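Have a look at the structure below, then the notes.
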Amino acid sequence: MKLIVITAPQFFEGEVAAIVSLFRAGLETMHLRKPKASIEETENLLRQLPAEYMQRIVTHDHFQLASAFGLKGIHLNGRNPHVPAGYTGHISCSCHSLHEVVKRKPACDYVFLSPIYDSISKEGYSPVYSCKELQEACRAGIIDSKVMALGGISREHLPEIASLGFGGAALLGDIWNRAASSIPSHFRELLSHTCNACPPPLIINS
């Protein structure tokens, strides 16, 4: 299973060092999501990161930065729903229903499906899919290796996510709602669980 980390929506002191520590801990893909940030603020963050990590970053905003910095790609969402004219690189997309997954998945490298669990970072953002719906979506091939689970994901959920056929999980609150010094070790622990976990019986809340 893939593990993707989404940045905190707000900038914070020590963020550059925290991001670098995640890449050094084995993070392959980070989604740069700062919905209220200007292009200048976003550029400033990217300029502070080592160039070797640019190809691991997917931006949710200011898509022109993808080519300017040689980023991995772009992520479509409600703010930015369309692929720029002439763009041919990596594309991912946010989906909030299984119908959206069916519609969007063919044109994307992967999609996010949310919310799967009670969100850690967004109060009141609760799951809308029953256990039965997710099982059926897996059997129908709607949920597969191109679908990443998002929303309330933490270590204890990873075996369930694997058992449902998701290709991976996107993490936000579980990463950033902790002391910066513990972030890299926590992420390495998560990686070890994705390598060693065997899917248990489904116990997702219906």
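The values are calculated or read from the model by the stated rules, or taken from the named source; none is laboratory data. Bear in mind that the values here come from a model prediction, so they are computed numbers and not experimental data. Methodologically, a virtual Cβ is constructed for each residue, glycine included, from the backbone with ideal geometry; neighbour enumeration extends over all protein chains shown. Each accessible area value is taken on the protein alone, full model and side chains, heavy atoms only, with ligands, DNA and RNA left out. Shrake-Rupley method; radii C 1.70, N 1.55, O 1.52, S 1.80 Å.
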Using just the helices of the chain, give the 222 nm mean residue ellipticity in deg cm²/dmol: DSSP H runs with n ≥ 4 each add -39,500 (n - 2.57), and the total is spread over all residues, rounded to 500.
-8500 deg cm²/dmol
First compute the accessible area of the chain with a 1.4 Å probe, then give the percent of it belonging to carbon and sulfur atoms.
51 percent
Alpha carbon centroid spacing (whole Å) that separates region 15-57 from region 63-107:
18 Å
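Charges at C-beta only: +1 for Lys and Arg, -1 for Asp and Glu. How large is the resulting dipole of the chain about its Cα centre, in Debye rounded to 20? Don't skip to the end; give the middle numbers.
Numbers: 19 positive and 19 negative charges, 62 e Å.
With Lys and Arg at +1 and Asp and Glu at -1, about 300 debye.
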Can you give the Rg to Rh ratio for the chain, taking only C-alpha atoms and Rh from Kirkwood?
0.95
Nearest 10 degrees, 0 to 90: what angle lies between the long axis of helix 15-24 and the longest principal axis of the chain (Cα atoms)?
60 degrees
Candidates 178, 33, 104: whichever shows maximal mean-square fluctuation once the chain is modelled as a Gaussian network with Cα springs under 10 Å:
178
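Between rounded, prolate and oblate, where does region 31-88 land on the alpha carbon gyration tensor, with a ≥ b ≥ c its root eigenvalues, rounded for a/c under 1.5, else prolate if a/b exceeds b/c?
oblate
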GNM flexibility winner over the chain from 136, 160, 40 (Cα, springs under 10 Å)
40
Gaussian network model of the chain, springs between alpha carbon atoms under 10 Å - residue of 48, 64, 135 with greatest fluctuation:
48
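Say the cut-off is 25 Å between C-alpha atoms; which of 2/34; 34/132; 36/146; 72/146; 72/103 go over it?
On the way: 2/34 22 Å; 34/132 34 Å; 36/146 28 Å; 72/146 16 Å; 72/103 23 Å.
In this structure, 34/132; 36/146 exceed 25 Å between Cα atoms.
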In order through region 42-50: 3J(HN,Hα) via Karplus (6.51 cos²θ - 1.76 cosθ + 1.60), integer Hz, x for Gly, Pro
5, 4, 4, 5, 4, 5, 8, 8, x
Output the relative contact order of the chain, whole-number percent, from Cα pairs under 8 angstrom with separation of 6+ residues.
21 percent
To the nearest 10 square angstrom, how much accessible area does residue 76 have with a 1.4 angstrom probe?
10 Å²
Counting Lys and Arg as +1 and Asp and Glu as -1 over every other residue whose Cβ sits under 15 Å from the Cβ of residue 47, the net charge comes to -4
Local charge sum around residue 104 (other residues, Cβ-Cβ under 15 Å, Lys/Arg +1, Asp/Glu -1)?
0
